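None of the figures in this text is laboratory data; all of them are computed from the coordinates on show. Quick caveat: nothing in here was measured; it's all calculated off a predicted structure. As a convention, Cβ positions derive from the backbone with ideal geometry for all residues, glycine included, and neighbour counts pool all protein chains shown.
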Amino acid sequence: MDSKNTYEKEKNLILEILKQKGEINSQNLADELKIDHQHTIGIINALEIKEIVKTESKEKSCIILTDAGKNCLNKGAPDIQIFKELKEKGDLSKSELSTKLGKNVLSHGFNLAMKSKSISYDKKTDKISLKITQLPLKDELQETMKKFFESPDIDKYEPKLIKEYSKIYKFIKINQIKSFIVKPGPNFELGNIKMKNELTTDLLVNNEYEKEKFSKYNYNALGKQVKNGALHRLLSVRSQIREIFLEQGFEEMPTNNFVESSFWNFDALFQPQQHPSREAHDTFFLSNPKMANTEKFYPEYFNKVKDIHEKGGFGSEGWKYKWSADEAEKNILRTHTTAVSSRVLYKLAENYKKTGIFVPKKYFSIDRVFRNESLDNTHLAEFHQIEGFIADYDIGLSHLLGTVEQYFKRLGLDKFRFKPAYNPYTEPSMEIFARHPNNKKWIEIGNSGVFRPEMLLPMGLPSNVNVIAWGFSLERPAMLHYHLNNIRDLFGHEVNIKHTQEASMYYIKE
Ligand code: PHE
């Protein structure tokens, strides 16, 4: 039978029952129809709109059986279950009875039977023996459970009895359920009439409306869900994190070049060319175009970087090796957005050289980076970094700690730790760990540090300007927020479009 027919049939049955009884509680109605209470209420609501029925709501306390209660109902009182076993098999140990009857029945029944002195227990031999010859004729507990099961209305019982069965035996629980008294409404006699939902021009022009019955306006009906565009979950988090930085006066860096020269990605950051992270097993190299033209555009700075690597300067000893311009010109997919920071810092230095004025600046960016990683549940070969730096006179580690702390508190993470780390371009360097709010594990969420003079001075920045900087993960806090264990549920072709439509906008704690 299709669902519409079933509905009609149930509706007619309800009307029939009401005709016979005059009024009925919705719970009893559901029991009579043998359908779910919630489902019954749905039908009643539809009938009420047409005023075929009317209702009064009622809170009722109902008895429901616990697991122990159900066991008693089906298998008898726990002490009687023990008597029966002992009668049949003779003395038994606790563990034998427990295997047969279950741990709870044993401990419960044991206490009851000891209290009524109908068994004895020898601790030394671990034997339980029956002290009575005749089993009780009536299982009172089981009888009472039957009554509770058949008529669960709490008003029918003495409060003392309810207390005994809920507090002492723990066989029942009290549940508050909302039910309705259903009565015939003003349109009841009309039965199952068709009613108009709308007043149309036709009905008005011919005065047809006078002959019609109209259903009542339902002010509580929910509107249709509007289909609208939505941000992907990751982009939703990203746009909210962007707000955090913009609110604090940070400017956004241009991150539109996924392809970067090794020069800006590594060399400008004083990362020696032999550094293992520059090898193909960590970095994606481009085969076409293979080389960038950095030297052509920045000849002076290009050579300054070469010098600081080979010979040092500004009090540094450099890395002492033969720096290769070819290596620096290799095109790669940027491995971090610190490449963007190095370009922006270079521009600030150029501006300072031109104007003689250095204006303190705060910058951030959130965009994609690429690494030749082995893929697993928490790693992809491309991910997003939240990059940022503050360039100002005489700032240092304490400013960095404060800035990082502020940022993560806005994200609702308040338990974090700093761990000493190493980057060729920062000193000191710190990794940042946050505690997962659910599983209490510490997970790495970022890396940070104070940019080294070997990076800043060849650019031409004033020597008393320090730059504190960081690179945070976007995916990690997003996974924490959405309770995901697999990064593929957040990023890539397996993302569920429904999750995108429901992307929560309440990420940042106010
Ligand atoms: N580039 C670093 C990384 O990818 C992050 C970082 C940025 C560290 C700036 C220090 C300063 O992990």
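Taking H placed 1.01 Å from N in the peptide plane, check which residues at least 5 places from ALA421 or on another chain put their amide H under 5 Å from its amide H.
Here SER429, MET430, GLU431 satisfy the definition.
In whole Hz, with x marking every Gly and Pro, tabulate ³J(HN,Hα) for the range 267-273 from phi via Karplus 6.51 cos²θ - 1.76 cosθ + 1.60, θ = phi - 60°.
My calculation for the range 267-273 gives 4, 4, 8, 6, 9, x, 6 Hz in order.
In nm, give the distance between the simple-model label positions of GLU143 and TYR393, each being 7 Å from the Cα along the Cα-to-Cβ direction.
So the label points at GLU143 and TYR393 sit 9.6 nm apart.
I need the P(r) histogram for the range 379-430: all alpha carbon pairs, bin width 5 Å from 0 out to the longest distance, whole percents.
That works out to 4, 13, 21, 25, 22, 11, 3, 1, in percent per bin.
Extending each Cα 7 Å along its Cβ direction at GLU158 and SER277, get the distance between those two points in nm, one decimal.
7.9 nm
Angle, helix 3-21 long axis vs. longest principal axis of the chain, Cα atoms, 0 to 90°, nearest 10?
On a 0 to 90 degree scale, this one is about 40.
Could you work out [θ]222 nm for the chain from helices alone, using -39500 (n - 2.57) per DSSP H run of at least four and dividing by all its residues? Round to the nearest 500 deg cm²/dmol. It would help to have the intermediate numbers written out before the result.
Working: 20 runs with 191 residues, N = 510.
Taking each H run of at least 4 residues, the total per residue is -11000 deg cm²/dmol.
What fraction of the Cα pairs in the range 18-140, stated in percent, has a spacing above 23 angstrom?
Above the 23 Å cut-off, the range 18-140 has 51 percent of its Cα pairs.
State the extension gain, in nm to one decimal, for the chain segment bounded by ILE17 and LEU375, taking 0.36 nm per residue of separation less the distance between their alpha-carbons.
122.5 nm
Using only alpha carbons, build the gyration tensor for the chain and give me the equivalent ellipsoid semi-axes, biggest first, whole Å.
72, 40, 19
Where does the charge balance sit around LEU33 when Lys and Arg score +1, Asp and Glu -1, over other residues with C-beta under 15 Å from its C-beta? Present the calculation step by step, with values, prior to reporting the outcome.
Working: positive: LYS9, LYS11, LYS19, LYS21, LYS34; negative: GLU8, GLU10, GLU16, ASP31, GLU32, ASP36.
Result for the neighbourhood of LEU33: -1.
Give a quick list of GluC sites (Glu not before Pro) in the range 244-325 that DSSP marks as loop, anything other than H, G, I, E or B, with at most 13 other Cβ atoms within 10 Å.
Counting only loop positions with at most 13 other Cβ atoms within 10 Å, the GluC sites (Glu not before Pro) in the range 244-325 are GLU279, GLU317.
Roughly how many nanometres apart are two label points built 7 Å out from the Cα toward the Cβ at LYS124 and LYS227?
Output for this residue pair reads 8.3 nm.
What Kirkwood Rh does the range 199-333 have if only Cα atoms enter the pairwise 1/r average? Answer in Å.
For the range 199-333, inverting the mean 1/r across all distinct Cα pairs yields 21.1 Å.
So which of LYS89/LYS115; LYS304/LYS347; LYS183/LYS224; LYS147/LYS178; LYS163/LYS183; LYS100/LYS163 end up more than 24 Å apart, counting from Cα to Cα?
Check vs 24 Å cut-off fails for LYS183/LYS224; LYS163/LYS183; LYS100/LYS163.
Per residue of the range 253-263, what does 6.51 cos²θ - 1.76 cosθ + 1.60 with θ = phi - 60° give for ³J(HN,Hα)? Whole Hz please, x for Gly and Pro, Karplus curve as stated.
8, x, 10, 6, 10, 5, 7, 9, 7, 4, 3
Grab the Cα-Cα distance for GLU300 and ARG435, subtract it from 0.36 nm times how many residues apart they are, and report the gain in nm with one decimal.
44.0 nm
In the range 150-208, which GluC sites (Glu not before Pro) fall in coil by DSSP and have 10 or fewer other Cβ atoms within 10 Å?
GLU198
So which GluC sites (Glu not before Pro) in the range 438-496 end up in coil per DSSP with only 12 or fewer other C-beta atoms within 10 Å?
Values: sites: GLU444, GLU454, GLU475, GLU494; in loops: GLU494.
Here the GluC sites (Glu not before Pro) that fit, given the DSSP loop and packing criteria, are GLU494.
Please list, in order along the range 372-381, the HN-Hα scalar couplings obtained from phi with the Karplus expression 6.51 cos²θ - 1.76 cosθ + 1.60 (θ = phi - 60°), rounded to whole Hz, x for Gly and Pro.
Working through the residues one at a time gives 7, 8, 7, 7, 8, 4, 10, 10, 10, 7 Hz.
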